[in-house]
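The next block holds one structure in the form of structure tokens; read it before the comments.
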Amino acid sequence: MNFHVITLFPRAFDSYLGESIIKRAIEDKKIRVYFYNPRDYTKDKHARVDRPPYGGGPGMVIQAEPVIKAIEMALKKAKKISRKPRLK
């Protein structure tokens with residue numbers, strides 16, 4: 001079973017995936033977890049994924065382009081993985 005996770009903080013999952021039954025499932029190759037960070041799909045040197053809202057106001061707004069590119073990469077990898085023959 002494969003899980004594809006899009007997150008700005010992939011390291012936040014380390015403790016969760018490194019414990020108990022999930023850790024054993026990963027070690028036994030029963031599950032795989034793939035991470036996609038939208039920051040990896042930005043064009044600027046600071047890897048920014050958010051901007052102030054148009055027209056001003058508090059907070060920040062996540063840009064669509066890096067998130068869309070991360071989703072596209074996850075879908076591409078999921079298709080590639082599903083085509084591989086499964087080992088028993």
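The values are calculated or read from the model by the stated rules, or taken from the named source; none is laboratory data. Note that the structure is a prediction, hence the values are computed from the model and not measured. Heads up, the Cβs are rebuilt from the backbone with ideal geometry, glycines too, and the neighbour counts pull from every protein chain shown. The accessibility values were calculated without ligands, DNA or RNA, using every heavy atom of the protein model including side chains. Shrake-Rupley method; radii C 1.70, N 1.55, O 1.52, S 1.80 Å.
Filter the range 49-59 down to the residues that are more than 13 Å from Asn37 (Cα to Cα), open to solvent by less than 100 Å² (accessible area, probe 1.4 Å) and assigned to a loop (DSSP other than H, G, I, E, B) and list them by number.
Result: Pro52, Pro53, Gly55, Gly56, Gly57, Gly59.
For residues in the range 72-88 being of a type in the set (A, V, I, L, M, F, W, C) and part of a helix (DSSP H, G or I), which is nearest to the chain's Cα centre (by Cα)?
As a first pass, look at the range 72-88 and keep what is of a type in the set (A, V, I, L, M, F, W, C): 73-75, 78, 81, 87.
This time we only want the ones that are part of a helix (DSSP H, G or I), so: 73-75, 78, 81.
Values: Met73: 9, Ala74: 7, Leu75: 11, Ala78: 12, Ile81: 16 Å.
Taking the candidates together, the pick is Ala74.
Might you let me know whether the range 62-71 holds any residue that is touching an Asp or Glu at 6+ places or on another chain (Cβ under 6 Å) and not in a loop (DSSP other than H, G, I, E, B)? Lay out the reasoning, then the answer.
Going through the range 62-71, the residues touching an Asp or Glu at 6+ places or on another chain (Cβ under 6 Å) turn out to be 62.
In the following step, the residues that additionally are not in a loop (DSSP other than H, G, I, E, B) were identified as 62.
Within the range 62-71, one or more residues are touching an Asp or Glu at 6+ places or on another chain (Cβ under 6 Å) and not in a loop (DSSP other than H, G, I, E, B).
Would you please name the residue that is farthest from Leu8 (Cα to Cα), looking only at residues in the range 68-81 that are open to solvent by less than 80 Å² (accessible area, probe 1.4 Å) and without any contact (Cβ under 8 Å) to a residue 60 or more places away in the chain?
Among those residues, the one meeting the criterion is Met73.
Which is under 26 Å from Lys69 (Cβ atoms), without any contact (Cβ under 8 Å) to a residue 12 or more places away in the chain and not polar (S, T, N, Q), of Tyr41, Tyr54? Explain how you work it out, then say what you get.
On the way: Tyr41 fails: without any contact (Cβ under 8 Å) to a residue 12 or more places away in the chain.
None of the other options fit; the residue is Tyr54.
Among the residues of the range 28-48, write down those that are of a type in the set (D, E, K, R) and in a helix (DSSP H, G or I). Please lay out each step first, then the result.
Of the range 28-48, the ones of a type in the set (D, E, K, R) are 28-30, 32, 39-40, 43-45, 48.
Result: Arg39, Asp40.
Identify the single condition in (1) in a helix (DSSP H, G or I); (2) within 28 Å of Lys84 (Cβ to Cβ); (3) more than 14 Å from the chain's Cα centre (by Cα) that Arg11 does not satisfy, given that it satisfies every other one.
Exception for Arg11: condition (3).
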